[in-house]
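All remarks here apply to the structure that follows.
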Amino acid sequence: MGVSDPTVKPTPAVDETGEGSSRVLQTRGLTKHFGGLTATDEVDFALEEGELRCLIGPNGAGKSTFINLLTGQLEASAGSIYYDGRDITELSPHERVGRGISMKFQVPSIYEEFTVAQNLRIPLQQVVDADEYGSRTRKILERFDLLAERETTASDLSHGQQQRLEIGMAMAMEPKLMLLDEPVAGLSVEETADIAELFEEITADDGVALIVIEHDIDFVESIADRVTVLDQGSIFREGSIEEIRADSEVKRIYLGDDH
């Protein structure tokens, strides 16, 4: 076993999210300007391994901008993103996916002309050998209740099934962190409950950390370990759902007096 060199200082990324830290993600001073508009304003955000965090806030609060900075769809104006012991601030979206960050968009980003199984093969090609496609595909189909739809063209799935398929495609990449934008929008009460149960399994059984943008406060209450409230590009409050619901200022800017 080698001896560490005491003259070599650990990088901030290693200190914040590396081995020995329980955090998988940490942003420091993360900022995004669009001309004279500051959409994300010096955000310091920490996420534990296997945590399920919900992001809420009024329209224009900066939620989507923040997520797009994490995925690399947007380039930060200032600040840093540390993930799994590395500084990923300058990495491309593709490189971030390769390091274990998956994204599920509000509108399902599936290949509608392909079958369900063909959709799953696309991400699986990046992480497993060809001789494993069959077994891994079946495992994901069973887990996401899509086995009977294996040969169904994705455009013929219900909205709820399409949502499950896209989550399954994201999980096929074996991520450590998954970002989801309003994953239950347009779903029935029963479908929403199924997604909530699925998220609990993903965090508890797979150890995947989830960041969920969501407007349905009842759904947030059913799934979140902690809640982050964004307002005007900054973190306004963080805490348990009970603390957030009881906060009069959060009620004023977001929840409304009827919550």
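None of the figures in this text is laboratory data; all of them are computed from the coordinates on show. Predicted model only: the values in this text are computed from it and were never measured. When we count neighbours, we look across all protein chains shown, and the Cβ atoms used for this are built from the backbone with ideal geometry, even at glycine.
Placing unit charges on the Cβ atoms only, positive for Lys and Arg and negative for Asp and Glu, gives the chain a dipole magnitude near 700 debye about its Cα centre. In the structure shown, the pairs Lys176/Lys251; Lys104/Lys251; Lys63/Lys104 are assessed against 24 Å; a Cα-Cα span above that value is assigned to Lys176/Lys251; Lys104/Lys251.
Under the combined filter of DSSP loop state and at most 11 neighbouring Cβ atoms within 10 Å, the range 95-144 retains these GluC sites (Glu not before Pro): Glu113.
The largest-to-smallest principal axis extents of the Cα set in the range 1-127 are 57, 46, 25 Å. Bridgeable aspartates and glutamates around Lys32 (alpha carbons under 15 Å apart, same-chain partners fewer than 8 residues away excluded): Asp41, Glu42, Asp44, Glu75, Glu90, Asp231.
Put a plus charge on the Cβ of each Lys and Arg, a minus charge on the Cβ of each Asp and Glu, and nothing anywhere else: the dipole of the range 200-258 about its Cα centre is then about 360 debye.
Out of every Cα-Cα pair that the range 106-174 contains, those further apart than 21 angstrom amount to 13 percent. Quarter the surface of the alpha carbon convex hull of the chain and you get the mean projected area, 16.7 square nanometres.
From the alpha carbon centroid of the range 32-62 to that of the range 108-135 is 32 Å.
Treating each Cα of the range 95-234 as an identical point scatterer and ignoring solvent, apply the Debye formula and state log10 I(q)/I(0) at q = 0.16 Å⁻¹. Once normalised to I(0) and log-transformed, intensities are -0.84. Computed extension gain for Ala246 through Phe114, at 0.36 nm per residue and net of the alpha carbon distance, reaches 42.9 nm.
Bridgeable aspartates and glutamates around Lys139 (alpha carbons under 20 Å apart, same-chain partners fewer than 8 residues away excluded): Asp129, Asp131, Glu149, Glu151, Glu166, Glu174, Asp194, Glu197, Glu200, Glu201, Asp205, Asp206. Among the trypsin sites (Lys or Arg not before Pro) in the range 120-189, those located in a DSSP loop and surrounded by at most 16 other Cβ atoms within 10 Å of their own Cβ are Arg150.
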